[in-house]
Amino acid sequence: MPGFPGCFLRRYVYDGVFAAKRDATMKALVVDDSAGMRAYLKMVLKGAGIEVAEAKNGREALTVLASGAAVEVALVDWNMPEMDGYELLLRIRANNALDAMRIVMVTTESDASQITKALDHGADEYVMKPFTREVILDKLQMIGLGIA
């Protein structure tokens, strides 16, 4: 994407961790204050055979994660009440137990500085709303989750 050199090419060394989990049901966490957006993302992910947990803000997402849910990927909105997606991103990345979890920001924040900020602080990919089912599934493949 012009203007964002290297931002969308994440630095991964695939060690087979996620490949080994393909036989089991993958679990995603959808974090968005919009019930409609959560429902749409849930439909897309379930259609790809992924189990989905939901949270309407970052605080709820941390509660889900603290419950011991084995989440491989979180799809996170930026602008939410109580705790926004950027703060959630920082808290997840500060927790060593969640190092392997992939994070895809799914948001209306389209400013180049916001995209760079999220990617520099640990987001694995970035999707701007509106988007299609194919964009979400492509991003999951790009981050090594082996979605068919």
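The values are calculated or read from the model by the stated rules, or taken from the named source; none is laboratory data. Note that this is a predicted model, so its numbers are computed, not measured. Neighbour counts run over all protein chains shown; Cβ positions are idealised from the backbone, glycine included.
Data table
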item: Evaluation of THR25 against (1) among the hydroxyl-bearing types (Ser, Thr, Tyr); (2) within 17 Å of GLU134 (Cα to Cα); (3) touching a strand residue (DSSP E or B) at 6+ places or on another chain (Cβ under 6 Å) (one fails), failing number; result: (2)
item: Some residue of the range 66-74 being at pLDDT 90 or above and touching a Phe, Trp or Tyr at 6+ places or on another chain (Cβ under 8 Å); result: yes
item: Pair list, Cβ under 8 Å, 6 or more apart: the range 124-140 residue more than 20 Å from GLY85 (Cα to Cα), other residue in a helix (DSSP H, G or I) and aromatic (Phe, Trp, Tyr); result: none
item: Any hit, the range 68-91, residues being without any contact (Cβ under 8 Å) to a residue 24 or more places away in the chain and among the hydrophobic types (A, V, I, L, M, F, W, C); result: no
item: Restricting the range 131-147 to residues that are hydrophobic (A, V, I, L, M, F, W, C) and within 12 Å of ARG102 (Cβ to Cβ), the residue that is modelled with the lowest pLDDT; result: ILE147
item: Index of the failed condition, LEU45 passing every other in (1) at negative phi; (2) free of Cβ contacts under 8 Å to residues at least 40 places away in the same chain; result: (2)
item: Matching entry among THR107, THR116 (being of a type outside the set (Lys, Arg) and under 23 Å from ILE50 (Cα atoms)); result: THR107
